[in-house]
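The values are calculated or read from the model by the stated rules, or taken from the named source; none is laboratory data. Every value quoted in this text rests on a predicted model; they were computed, and no experiment measured them. Virtual Cβ from ideal backbone geometry, glycine too; neighbours counted across all protein chains shown. Calculation scope for accessible area: heavy atoms of the full protein, side chains included, ligands and nucleic acids excluded. Shrake-Rupley method; radii C 1.70, N 1.55, O 1.52, S 1.80 Å.
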Amino acid sequence: MNNLLSTLPLLANANQLKQAAHQLHSDLCNNPTEHEGWLKLAELANKAGLTQLQHHAQKQYELVAYFNHRLHLANQALLTQKFDQCQQVLDALLADVPGEFRALALYAELAIARGDNETATEIFETLHRHNFNNLKTKHRAIQHMANAKQFNKALQIGRTLQQQQILETPETALAMAHSYLKLAQLEKAEHIFLQLLDQGQPKLLVMHWLGHIKAFTGNTKAAARWYQQALTVYPEKTESYWHLANLKTYRFSEPEAKQMLELLQSPLEEQERMYLCFAVAKMKEQQQHLTESCSYYAQANQLRYKAGRNVKVHDSLALRHYFSTQPLPKQTTAPSGLIFILGMPRTGSTLLEQMLSSHPEIDASYELSEISAIARNLESRKQDNSPYGLAHLDSKQRNALAKRYLDYVAPLRQQGRYLIDKLPANCNHIGLIKTLFPDAKIIETTRDPIAAGWSLYRHLFSEGHLYANDLQEIGQYYLDYEQMMQFWRSQLGSSLFTVKYEELVEKPESTLGQLLEYMGLEFDPDCLQFYQSQRAVLTPSTMQVRQPLYRSAISGWQQVSDFLEPLINTVRSSRPTTLN
């Protein structure tokens with residue numbers, strides 16, 4: 001259309017003017033949002049003597065110009081965080097022109113700004129279903145879906161774009177790569193990251209992700225090379241030191257150790273100092289300099305700790321009252337074949353998943369977020385005080401939510417009878433899981449709380465788990481967790497299976513045998529050869545599950561028991577039994 005507009009001054013005779021007017025009208029019908037185009041059409045139709053078309057174009061110009069003006073006002077209101085004003089304008093626009101894609105796209109941005117990912121996702125899905133043809137909005141939809149952990153949906157929209165178009169937008173390319181990564185399609189993710197690296201966009205992040213991909217598959221040497229390359233290019237960015245330390249088996253050279261300690265004596269931004277303290281703490285731990293190690297762990301956690309932001313287990317009297325008085329639904333549909341592994345973080349859930357996924361009848365996935373997404377969606381829309389609004393959720397709605405989840409995991413299933421959804425935080429949603437899938441197998445992993453707490457404290461999580469940066473808060477989180485799980489153990493009885501980390505390590509065959517019997521499966525020796533599996537593991541425990549079972553993690557905390565007194569005292573305050 002722009003090319004046509006540029007040639008209008010060159011047109012001489014009436015036939016040319018008429019042809020140009022009809023061509024411009026056709027172009028505007030395909031892209032009616034440019035009000036200046038309608039004005040040009042009115043002028044051209046007037047010159048060509050097309051009176052009816054002139055009146056139509058003039059009217060369209062006035063309507064579209066007024067619509068665009070109000071859309072601009074809504075956008076300005078969003079940019080200045082006047083969210084209510086923005087919504088009022090958008091509601092009026094969509095009442096005038098239902099389904100107008102620019103207004104819907106801006107509504108999605110408003111939802112994102114308000115933290116309402118569910119609404120934003122619904123809008124982008126609606127636009128995608130109607131084959132919206134705006135490239136900028138498609139890129140934004142992909143980025144949002146990836147950020148909202150709707151990875152299948154991000155890729156579904158992304159596949160409608162040409163590969164070259166995707167890579168022209170680094171943010172979209174990163175979103176696509178991240179989505180492939182989270183779906184354990186590592187080769188596709190690596191391909192995009194390597195292309196981004198060739199384009200120089202953005203090197204540090206890309207080199208880290210290329211290292212992570214190698215680590216996820218157990219190739220620690222290749223992972224280390226990427227992290228070392230990142231240090232060569234960005235020596236002041238200390239996150240690379242942490243990634244090297246987090247490989248667990250990596251040993252810093254003397255020059256590297258010297259450089260790290262010298263950097264700690266220089267002025268650093270808090271985040272850079274935090275990464276470096278975690279890395280030095282891990283190095284000192286490997287060297288058995290435990291007092292120094294604890295000191296650096298304390299500094300690192302203090303830098304990350306956010307006072308007043310303690311994360312509690314999602315437990316309440318309302319939850320316990322509701323599920324103690326309302327019977328859980330019975331299975332009325334086909335068997336779901338779902339296994340949910342949950343519990344406190346750092347209690348052996350990844351180890352157990354790796355063992356079970358070595359069984360031919362069990363498929364594994366990654367740490368799925370769909371149950372949490374469904375929970376957030378229900379909580380944001382409930383109209384009563386019952387958990388998730390379940391009191392007013394009928395069987396049709398429950399079945400629809402169950403189908404949503406099953407559709408989400410469908411691409412992850414292979415030939416196994418069962419699929420594992422392993423996410424420790426799903427302990428918060430046992431009631432929802434058993435409501436949607438009464439036949440689901442619930443497996444809780446437990447571990448001595450001091451050993452688990454010490455492991456939590458020594459790990460730098462990429463997001464969440466803020467309680468893990470304070471020993472006392474770790475203890476309180478455990479007590480809250482234990483209170484909630486005592487309720488569910490009493491409610492579910494034998495339908496909830498508890499696996500103790502210590503027993504899994506010391507008596508793996510008998511422990512797995514009992515668990516597989518609970519699942520109705522025969523024992524398979526491959527479960528004990530889990531460390532030989534080539535499956536990608538996308539959790540902090542990726543290195544631990546690449547080696548045979550070891551017992552040092554059971555009692556290692558005792559060497560630093562004095563340092564752990566805040567944790568020990570908090571746990572003992574409501575747990576009188578002796579800690580081993």
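Among (1) in contact with a helix residue (DSSP H, G or I) (Cβ under 6 Å, 6 or more places away or on another chain); (2) surrounded by fewer than 18 Cβ atoms within 10 Å (Cβ to Cβ); (3) among the hydrophobic types (A, V, I, L, M, F, W, C), which single condition is L261 missing?
That leaves (1) as the condition not met.
Name the residues in segment 264-296 that are part of a loop (DSSP other than H, G, I, E, B) and either crowded, with 19+ Cβ neighbours inside 10 Å or under 32 Å from the mean Cα position of the chain (by Cα) (or both), would you?
Selection gives L268, E269.
Confirm whether A452 is closer than 29 Å to F278 by Cα and open to solvent by less than 20 Å² (accessible area, probe 1.4 Å). Step through it out loud before you land on a result.
Working: closer than 29 Å to F278 by Cα: yes; open to solvent by less than 20 Å² (accessible area, probe 1.4 Å): yes.
It is true that A452 is closer than 29 Å to F278 by Cα and open to solvent by less than 20 Å² (accessible area, probe 1.4 Å).
Could you tell me which of the residues G49, G115 is within 30 Å of the chain's Cα centre (by Cα) and on the phi > 0 side of the Ramachandran plot?
Working: G49 fails: within 30 Å of the chain's Cα centre (by Cα).
Only one candidate qualifies: G115.
Would you point out the residue of segment 122-137, among those that are within 12 Å of Q156 (Cβ to Cβ) and modelled with pLDDT of 85 or more, that is surrounded by the most Cβ atoms within 10 Å (Cβ to Cβ)?
So the residue we want is F124.
Take L504 and tell me if it is part of a helix (DSSP H, G or I), farther than 24 Å from F278 by Cα and open to solvent by less than 40 Å² (accessible area, probe 1.4 Å).
Against the criterion (part of a helix (DSSP H, G or I), farther than 24 Å from F278 by Cα and open to solvent by less than 40 Å² (accessible area, probe 1.4 Å)), L504 qualifies.
What are the residues in segment 197-229 that are under 15 Å from A245 (Cβ atoms) and among the aliphatic types (A, V, I, L, M), if any?
First, the residues of segment 197-229 that are under 15 Å from A245 (Cβ atoms): 208, 211-212, 215, 220, 223-224, 226-228.
Matches in segment 197-229: A215, A223, A224.
Is it the case that some residue within segment 30-40 is within 18 Å of N134 (Cβ to Cβ), among the β-branched types (V, I, T) and either open to solvent by less than 60 Å² (accessible area, probe 1.4 Å) or not in a helix (DSSP H, G or I) (or both)?
So far as segment 30-40 goes, yes, one or more of its residues are within 18 Å of N134 (Cβ to Cβ), among the β-branched types (V, I, T) and either open to solvent by less than 60 Å² (accessible area, probe 1.4 Å) or not in a helix (DSSP H, G or I) (or both).
Mind checking which residues of segment 404-418 are part of a loop (DSSP other than H, G, I, E, B) and over 25 Å from N377 (Cα atoms)?
Scanning segment 404-418 gives Q414, Q415, G416, R417.
Within segment 520-567, restricting attention to residues that are buried (at least 17 other Cβ atoms within 10 Å of the Cβ) and aromatic (F, W, Y), which residue is modelled with the highest pLDDT?
Out of the qualifying residues, it is F563.
For segment 72-84, what are the residues that are open to solvent by 60 Å² or more (accessible area, probe 1.4 Å) and touching a residue at least 12 places away in the same chain (Cβ under 8 Å)?
Result: L73, Q81.
Are there any pairs, at least 6 apart or on different chains, whose C-beta atoms fall under 8 Å, with the first in segment 29-45 and on the phi < 0 side of the Ramachandran plot and the second open to solvent by less than 10 Å² (accessible area, probe 1.4 Å) and not hydrophobic (A, V, I, L, M, F, W, C), and if so, which?
These pairs meet every condition: N31/G37.
With (1) in a helix (DSSP H, G or I); (2) more than 24 Å from the chain's Cα centre (by Cα) as the list, and Y250 as the residue in question, which single condition is left unmet?
That leaves (1) as the condition not met.
Could you go through segment 345-364 and let me know if any residue there is under 15 Å from F437 (Cβ atoms) and open to solvent by less than 40 Å² (accessible area, probe 1.4 Å).
no
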